[in-house]
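Chemist: My questions will all concern the structure given below.
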């Protein structure tokens, strides 16, 4: 009988605690430790989920085979590198890092130690996205709105790295064409980095994408519209719904496509575990995370050029 995979979670704030809860209920997995610099928070969660509580990520050595890393973005590279170097599989929350050099280092270490490095672009596991991809042919124009209330966390980086990067990863997966041109504007409102951003991305295929991201909205919105010849798709990633509008003669017919709604985070973590057990590459690899980061940094440079 195969031993359960020993998994830990480093950083058990809002998102990390959800990772821990899902692992604790997952067949074939044993949640062995949760780690957070807030000792009281780690202890509370550990008592609930019946695992060890730690305050230093280095203490996970020998206790885990794999970890979810849900710490502030600026710590991804240093902690991720330390874990991968010890031969521990890592699911790092998005973005993979804050620099391409750090992303490259994480990828090289994972390859050298032959461990899984998966990046937490959870929308790749959204059933509405899967349904839409089945109807995509050659996108010509993509419009994206991702808005949310001010989080009071994650604001150590801009809204591009914090929020928009989800859609940049999706964009690269949907279009699959080199980026040719980027224009962007951004505004700092409640943070020292941009809280609202708009980007226009042009691909070699001719497709153009217009993306808006805000972390100071009154409401939460995650919507995409993808236009192609004779039809377009309207995707609500929060509600997990997809509407297809297509031209038939002189009329526009709208159809709600069936979506097998699922829990994206649960599917993401299950895919991470499956990749480790089967030794198959993860759906969202370090290379995918690096590509999304490269586009995000390109957008940030464009924003700052525009601001001068």
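The values are calculated or read from the model by the stated rules, or taken from the named source; none is laboratory data. None of the values given here were measured: they were computed from a predicted structure. Neighbour counts run over all protein chains shown; Cβ positions are idealised from the backbone, glycine included.
Chemist: If I ask for residues that are surrounded by fewer than 19 Cβ atoms within 10 Å (Cβ to Cβ) and either in contact with a helix residue (DSSP H, G or I) (Cβ under 8 Å, 6 or more places away or on another chain) or touching a residue at least 40 places away in the same chain (Cβ under 8 Å) (or both), which ones from segment 131-146 would you list?
Modeler: 133, 135, 136, 137, 138, 140, 141, 143, 145
Chemist: Of all residues in segment 171-194, which are more than 17 Å from residue 144 (Cβ to Cβ) and either touching a residue at least 40 places away in the same chain (Cβ under 8 Å) or surrounded by 15 or more Cβ atoms within 10 Å (Cβ to Cβ) (or both)?
Modeler: 190, 191, 193, listed by residue number.
Chemist: While we're on this one: On the given criteria, is residue 30 over 14 Å from residue 286 (Cα atoms), over 19 Å from the mean Cα position of the chain (by Cα) and not in a strand (DSSP E or B)? Walk me through it before giving the result.
Modeler: Details: over 14 Å from residue 286 (Cα atoms): yes; over 19 Å from the mean Cα position of the chain (by Cα): yes; not in a strand (DSSP E or B): no.
So residue 30 does not fit the description; no.
Chemist: Does any residue of segment 48-62 turn out to be closer than 29 Å to residue 201 by Cβ and modelled with pLDDT of 95 or more? Can you show your working first?
Modeler: So the first thing to find is which residues in segment 48-62 are closer than 29 Å to residue 201 by Cβ, and the list is none.
Looking through segment 48-62, none of the residues is closer than 29 Å to residue 201 by Cβ and modelled with pLDDT of 95 or more.
Chemist: Does residue 207 satisfy being free of Cβ contacts under 8 Å to residues at least 12 places away in the same chain and assigned by TED's automatic domain parsing to the domain that holds residue 241? Let's see the steps before the verdict.
Modeler: Values: free of Cβ contacts under 8 Å to residues at least 12 places away in the same chain: no; assigned by TED's automatic domain parsing to the domain that holds residue 241: yes.
It is false that residue 207 is free of Cβ contacts under 8 Å to residues at least 12 places away in the same chain and assigned by TED's automatic domain parsing to the domain that holds residue 241.
Yes/no per residue for (1) crowded, with 20+ Cβ neighbours inside 10 Å; (2) more than 20 Å from the chain's Cα centre (by Cα); (3) at pLDDT 95 or above; (4) farther than 30 Å from residue 114 by Cα:
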position: 258; (1), (2), (3), (4): no, yes, yes, yes
position: 263; (1), (2), (3), (4): no, no, yes, no
position: 266; (1), (2), (3), (4): no, no, yes, no
position: 271; (1), (2), (3), (4): no, no, yes, no
position: 296; (1), (2), (3), (4): yes, no, yes, no
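Chemist: Just one of the numbered conditions (1) in a strand (DSSP E or B); (2) at pLDDT 95 or above is not true of residue 239; which one?
Modeler: (1)
Chemist: Here's a follow-up. Checking residue 90 against (1) free of Cβ contacts under 8 Å to residues at least 60 places away in the same chain; (2) assigned to a helix (DSSP H, G or I); (3) closer than 23 Å to residue 173 by Cβ, which test does it fail?
Modeler: (2)
Chemist: OK, next. I'd like to check something: does segment 159-168 contain any residue that is assigned to a strand (DSSP E or B), in contact with a helix residue (DSSP H, G or I) (Cβ under 6 Å, 6 or more places away or on another chain) and closer than 27 Å to residue 35 by Cα?
Modeler: Restricting attention to segment 159-168, the residues satisfying the condition of being assigned to a strand (DSSP E or B) are none.
Looking through segment 159-168, none of the residues is assigned to a strand (DSSP E or B), in contact with a helix residue (DSSP H, G or I) (Cβ under 6 Å, 6 or more places away or on another chain) and closer than 27 Å to residue 35 by Cα.
Chemist: Do we have any residue at all in segment 19-28 that's closer than 30 Å to residue 168 by Cβ and without any contact (Cβ under 8 Å) to a residue 12 or more places away in the chain? So that I can check it myself, show each step before the final result.
Modeler: Applying the first criterion (closer than 30 Å to residue 168 by Cβ) to segment 19-28 yields 19-23, 26.
Applying the additional criterion that residues be without any contact (Cβ under 8 Å) to a residue 12 or more places away in the chain yields none.
The answer is no; no qualifying residue exists.
Chemist: When you scan segment 147-162, how many residues do you find that are in contact with a strand residue (DSSP E or B) (Cβ under 8 Å, 6 or more places away or on another chain) and either surrounded by fewer than 24 Cβ atoms within 10 Å (Cβ to Cβ) or more than 30 Å from residue 192 (Cβ to Cβ) (or both)?
Modeler: Of segment 147-162, the ones in contact with a strand residue (DSSP E or B) (Cβ under 8 Å, 6 or more places away or on another chain) are 147-148, 158-160.
Cutting the leftovers down to either surrounded by fewer than 24 Cβ atoms within 10 Å (Cβ to Cβ) or more than 30 Å from residue 192 (Cβ to Cβ) (or both) gives us 147-148.
Number of matching residues: 2.
Chemist: Shifting gears a bit: Of the residues that make up segment 211-231, is at least one in a loop (DSSP other than H, G, I, E, B), at pLDDT 95 or above and on the phi > 0 side of the Ramachandran plot?
Modeler: There is no residue in segment 211-231 that is in a loop (DSSP other than H, G, I, E, B), at pLDDT 95 or above and on the phi > 0 side of the Ramachandran plot.
Table: residues versus (1) free of Cβ contacts under 8 Å to residues at least 40 places away in the same chain; (2) not assigned by TED's automatic domain parsing to the domain that holds residue 101; (3) not in a helix (DSSP H, G or I).
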| site | (1), (2), (3) |
| --- | --- |
| 269 | no, no, no |
| 274 | yes, no, no |
| 277 | no, no, no |
| 280 | yes, no, yes |
| 290 | no, yes, no |
| 299 | no, yes, no |
| 303 | no, yes, no |
